[in-house]
Amino acid sequence: MRFLLFFLAGFCVFELRAEANDLIEIHSGDLPIVLSAPHGGSLKIEGVPERKGQDVKRFVRTKDMWTDQLTVKLADSIEKKTGKRPYVVVANFHRKFIDANRSADLAYESPKAKPVYDSYHRAIASARREVLQRWGRGMLFDVHGQAAEAKAIFRGTQNGQTTSHLVGKFGQEALSGEKSVFGLFAKESIAVIPDLGPEQRETRYTGGYIVRTYGSSSGGAMDAIQLEFGRELRSIENNDETARKVANAIVEFSQRYLPAKELTKEEIAERKKGQGIRVGVYQDIGSGRSLVDLLETLKKFDNVTVQKLMAADIQAGALADVDVLIHPGGSGGKQGRNLGEAGREKIRRFLHDGGGFIGICAGAYLASADYSWSLDILDAKVVDRKHWARGTGTVVIGLSEEGFLKSDQEELKIFYGQGPLLAPGNKLDIEDYQAVATFKTEIAKNGAPKGVMVGTTAIAQGKFGQGRVVCFSPHPEMTQGLDDLVRQAIEHVRRQ
């Protein structure tokens, strides 16, 4: 199936159009519930060879038998009980071609598989976004099959991390108590693993890529639980009964813990007002360890709410819900390639329409106009690209008298982690940037020539369309005492 997105009355709704191969089944919903099933399909993807799994840990290419049927039957049973249907995203393609429960770098081996993988995740991202727009919070159930216990369902939440919002709002009882969805499974005479109780830990099937990506482990109000069904529960002979019992539990759970009514326009406006500056942070392939430091820094700002964004979210239009997008350190090339041209164009459109962008280290490489995967939103080239791995350490930067930074110091010591040495790109179609700070000292290791880094731009600000851009080559979020540089950058680029 293919979905196209239209915006009606402020909401994103699905329009489905069948394609010849029908590789993904997608259904819009009327409940704050999303069902996904990534491993039950049987179809071949034309032109895509089977995965070999070289150097992939825990490589699996077998399908989770009958989970595709079980998921659709579960949606049918929920609709029968409530008169409303959950959102549904089911992979009809075989797992030996794509494992949709893995990150893109591990999910497939043929570039021809990328559009299918991206479509699957855009569908989940779009469903999640619509749920949050319409109800403010919701739940994703990711359906899988396991062979360890034929009559049991394993819980996978990364031991509560992917349901952080649920537990934070209602307590541990909502995840592992008698009125939790697993407590209600037990009420339906379905064995659950781990047992009920706050001390019981997930040790075997702890939750994969989908629940980690679309759940609330890094913020947000969409929770996610992986459901691992035993073979007898999902078999053709039993899955009608299983769907009925599981639907009973999910409906009772949702009546207790999920919103019953959609948000009104007034409530939506009030929520936006209370969110302050809405900051989206890219947290997908190409983001590095400094992401943790960035998120900790953002927690210190009272007027900022943070939304984690995957490439699929950006491709699906999630930038409409934020004022500022931050791309952190890591690998600019991996971030840019993972976004794809569709995602990069979404960011450019976001800036053109007045959104703000902050790039730190890898994010600054990404913002430049110097690579095939660049965003081309800052009129900058990268000096001495050959020696990008010039080393890490503390450097001194000199602040200009102009620009967004307000400081009573002329120089600052700041951590540098192989960020770009920026210089004017002289692109006619992009406004010239302004150097906010330049490097006063340098790091020249690993064969990098001395004398190149000093004088290049360390912090730049620019404009793209109606939007503003700030790029940090060094890391203020990793330097004690420089958190305020990030705050000032957010204030400068925020959507006006």
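Could you tell me which of P449, A123, F439 has its Cα farthest along the dipole of the chain towards the positive end, charges placed at Cβ (Lys, Arg +1; Asp, Glu -1), taken about the Cα centre?
A123
Over 10 Å intervals from 0, what percent of Cα-Cα pairs in the range 2-257 sits in each interval?
7, 32, 39, 19, 3
Before anything else, pin down the relative contact order of the range 275-493: Cα pairs under 8 Å, at least 6 apart, normalised by residue count, whole percent. Numbers along the way, then the final one.
On the way: 551 pairs, mean separation 45.2, N = 219.
After rounding, I find 21 percent.
As a check on your grasp of the helix formula, calculate [θ] at 222 nm for the chain: sum -39500 (n - 2.57) over DSSP H runs of n ≥ 4, divide by the residue count, round to the nearest 500.
Numbers: 15 runs with 151 residues, N = 496.
After summing the helix terms and dividing by residue count, I get -9000 deg cm²/dmol.
Please give the peptides 49-56, 299-306, 175-182 ranked by average Cβ packing (other Cβ atoms within 10 Å per residue), highest first, as a rough proxy for protection.
175-182, 299-306, 49-56
Determine the dipole magnitude for the range 275-493: charges of +1 sit on the beta-carbon of Lys and Arg, -1 on that of Asp and Glu, nothing else is charged, the reference point is the Cα centre, and the result goes in debye to the nearest 20.
Taking the Cα centre of the range 275-493 as origin, the dipole is about 720 debye.
With only alpha-carbon pairs counted, each pair once and no self-pairs, how large is the Kirkwood hydrodynamic radius of the range 394-496 in angstroms?
14.3
Can you give the charge dipole size of the range 2-257 about its Cα centre, rounded to the nearest 20 debye, using +1 on the beta carbon of Lys and Arg and -1 on the beta carbon of Asp and Glu?
With Lys and Arg at +1 and Asp and Glu at -1, about 320 debye.
Give me E202, E341 sorted ascending by neighbouring Cβ count inside 10 Å, so fewest comes first.
Fewest-to-most Cβ neighbours within 10 Å comes out as E341, E202.
Residue by residue through the range 149-165, which ³J(HN,Hα) values in whole Hz follow from phi under the Karplus form 6.51 cos²θ - 1.76 cosθ + 1.60 (θ = phi - 60°), with glycine and proline marked x?
With coefficients 6.51, -1.76 and 1.60, one gets 9, 5, 10, 10, 10, 8, 8, x, 9, 6, 6, x, 5, 7, 10, 4, 5 Hz.
Show me the ranking of peptides 419-432, 147-160 by mean Cβ neighbours inside 10 Å, starting with the highest. Please report the intermediate quantities before stating the final value.
Details: 419-432: 17.4, 147-160: 19.2.
Put in order of decreasing packing, that is 147-160, 419-432.
Which whole-Hz ³J(HN,Hα) couplings does the range 388-401 yield from phi under the Karplus relation 6.51 cos²θ - 1.76 cosθ + 1.60, θ = phi - 60°, glycine and proline marked x?
Along the range 388-401, the couplings run 4, 8, 8, x, 10, x, 8, 10, 10, 10, x, 8, 7, 6 Hz.
Report, to one decimal in Å, the Kirkwood hydrodynamic radius for the range 261-303 based on all distinct Cα pairs.
That comes to 12.7 Å for the range 261-303.
At a threshold of 8 angstrom on Cα-Cα distance, excluding pairs fewer than six apart, so keeping six or more, what relative contact order does the range 2-257 reach in percent?
23
Principal axis extents for the chain, Cα atoms only, whole Å, descending order, please.
The principal-axis extents, from largest down, are 73, 50, 44 Å.
So what is the relative contact order for the chain, in percent, with contacts set as C-alpha pairs under 8 Å and at least six apart?
That works out to 11 percent.
Please work out the Cα convex hull volume for the range 275-493 and give it in Å³ per residue. Write down the numbers at each step before the final one.
Values: hull volume 23.2 nm³, N = 219.
In the range 275-493, the Cα convex hull volume per residue is 106 Å³.
Please work out the Cα center distance from the range 427-464 to the range 157-200, rounded to the nearest Å.
Answer, in whole Å: 51.
Take each uninterrupted DSSP H stretch in the chain, measure its Cα extent along the helix axis, and return the ones at 18 Å or beyond whose mean Kyte-Doolittle hydropathy is at least 0.5.
none
Among bridges DSSP assigns within the range 275-493, what percent are antiparallel (round to 5)?
Given both bridge residues lie in the range 275-493, the antiparallel proportion sits at roughly 60 percent.
Where the only charges are on Cβ atoms (+1 Lys, Arg; -1 Asp, Glu), what is the dipole of the chain about its Cα centre, to the nearest 20 debye?
Working: 68 positive and 63 negative charges, 132 e Å.
Roughly 640 debye for the chain.
Along the charge dipole of the chain, which of L23, Q409, C471 sits closest to the positive end, that is, farthest toward it, with unit charges on the beta carbon of Lys, Arg, Asp and Glu (+1, +1, -1, -1)?
It is L23.
Read the figures in this text as sums done on the coordinates, not as results from a lab. Remember, it's a predicted structure, so these values are computed and weren't measured experimentally. Glycine also receives a Cβ, built like all others from the backbone with ideal geometry; neighbour counts cover every protein chain displayed.
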